[in-house]
Amino acid sequence: MDLASFYAAEFAEHAAVTAATHEALAQPFAALVEASCAALNAGGKIIFFGNGGSAADAQHLATELSVRYITDRKAIPALALTTDSSALTAIGNDLGFEQLFARQIEALCRKEDMVIGISTSGRSPNVTKGLQAAKAIGARVAALSGKNGGDLVGLADPLLIVPSSTTARIQEMHIMLGQMLCGAIEKKLGLAS
């Protein structure tokens with residue numbers, strides 16, 4: 001293996017996907033920020049969920065909002081549906097893995113909330129069902145995806161589809177977009193300079 005070539009190629013692909021994402025997602029990103037702030041201003045919260053690396057992103061972003069991102073400020077109500085091991089195992093065992101997020105949405109989501117599903121492929125049945133459950137409640141429904149958006153096309157609005165088929169690059173853009181969302185929310189709500 002030529003490690004120097006591998007290293008250079010990974011950075012080159014990352015830079016290309018970053019440039020393509022910058023070009024493609026300005027409008028959907030702005031829509032996500034506006035919808036998130038509208039939910040918070042209406043007394044709602046932001047609910048994140050996803051599987052695997054996307055579960056870690058959901059937890060990371062909920063923490064950035066509920067604790068702090070840029071500056072010390074009041075807490076912003078946000079949570080991830082990927083952290084309660086008792087709920088996750090009970091739902092998976094009793095209702096099936098596809099109901100993992102929908103059941104929690106049924107219990108915790110209100111129409112004032114913003115619900116953000118994260119799926120690199122857009123084809124995670126539990127993410128799709130979670131978003132469908134939130135939509136049925138009347139909550140705002142958005143998603144981060146990649147590839148062609150999969151089953152999230154027509155369901156999530158806004159839908160931020162990273163223009164890549166490489167899972168690692170999609171995940172890199174998801175955490176960047178998510179952290180940008182946290183920063184933009186702080187600024188739009190007047191909580192950071």
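The values are calculated or read from the model by the stated rules, or taken from the named source; none is laboratory data. Because the structure is predicted, anything quoted here is derived from the model rather than measured. In this analysis, Cβ positions are derived from the backbone assuming ideal geometry, glycine residues included, and neighbour counts consider all displayed protein chains.
The set of residues in the stretch 131-160 that are of a type in the set (A, V, I, L, M, F, W, C), surrounded by fewer than 24 Cβ atoms within 10 Å (Cβ to Cβ) and closer than 23 Å to Ala16 by Cβ contains only Leu159.
Looking only at the stretch 130-173, residues that are free of Cβ contacts under 8 Å to residues at least 24 places away in the same chain and either of a type in the set (A, V, I, L, M) or farther than 30 Å from Gly43 by Cα (or both) come to 3 in all. Among residues of the stretch 38-74 being touching a Leu at 6+ places or on another chain (Cβ under 8 Å), surrounded by fewer than 20 Cβ atoms within 10 Å (Cβ to Cβ) and part of a loop (DSSP other than H, G, I, E, B), the one that is modelled with the lowest pLDDT is Thr71. Within the stretch 22-54, being touching a residue at least 40 places away in the same chain (Cβ under 8 Å) and among the aliphatic types (A, V, I, L, M) holds for Ala24, Leu25, Ala31, Leu32, Val33, Ala35, Ala38, Ala39, Leu40, Ala42, Ile46, Ile47. The residues of the stretch 156-193 that are more than 21 Å from Ala9 (Cβ to Cβ), touching a helix residue (DSSP H, G or I) at 6+ places or on another chain (Cβ under 7 Å) and among the polar types (S, T, N, Q) amount to a single one, Gln179.
Report yes if some residue within the stretch 80-96 is hydrophobic (A, V, I, L, M, F, W, C), in a loop (DSSP other than H, G, I, E, B) and crowded, with 22+ Cβ neighbours inside 10 Å; otherwise report no.
First, the residues of the stretch 80-96 that are hydrophobic (A, V, I, L, M, F, W, C): 80-81, 87-88, 90-91, 95.
From what's left, in a loop (DSSP other than H, G, I, E, B): 81, 95.
After this cut, where a residue has to be crowded, with 22+ Cβ neighbours inside 10 Å as well, the list is 81.
Yes, that holds for at least one residue.
Going by the structure shown, is Ala184 in contact (Cβ under 8 Å) with a residue 12 or more places away in the chain and not in a helix (DSSP H, G or I)? Answer is no for this residue. Beta carbons closer than 6 Å, at least 6 apart along the sequence or on distinct chains, pair a first residue in the stretch 100-129 that is within 22 Å of Gln171 (Cβ to Cβ) with a second that is basic (Lys, Arg) and assigned to a strand (DSSP E or B) for Met114/Arg140. Of all residues in the stretch 84-123, those satisfying the criterion of being polar (S, T, N, Q) and either within 15 Å of Arg140 (Cα to Cα) or within 15 Å of the chain's Cα centre (by Cα) (or both) are Ser119, Thr120, Ser121. In the set Glu64, Glu10, only one residue is acidic (Asp, Glu), under 22 Å from His174 (Cβ atoms) and free of Cβ contacts under 8 Å to residues at least 60 places away in the same chain; that residue is Glu10. Under the condition of being assigned to a helix (DSSP H, G or I) and either touching a His at 6+ places or on another chain (Cβ under 7 Å) or among the acidic types (Asp, Glu) (or both), the residues counted in the stretch 140-174 number 3.
When you check Asp84 against the structure, is it acidic (Asp, Glu), without any contact (Cβ under 8 Å) to a residue 40 or more places away in the chain and closer than 22 Å to Ser66 by Cα, yes or no?
Working: acidic (Asp, Glu): yes; without any contact (Cβ under 8 Å) to a residue 40 or more places away in the chain: yes; closer than 22 Å to Ser66 by Cα: yes.
The answer is yes for Asp84.
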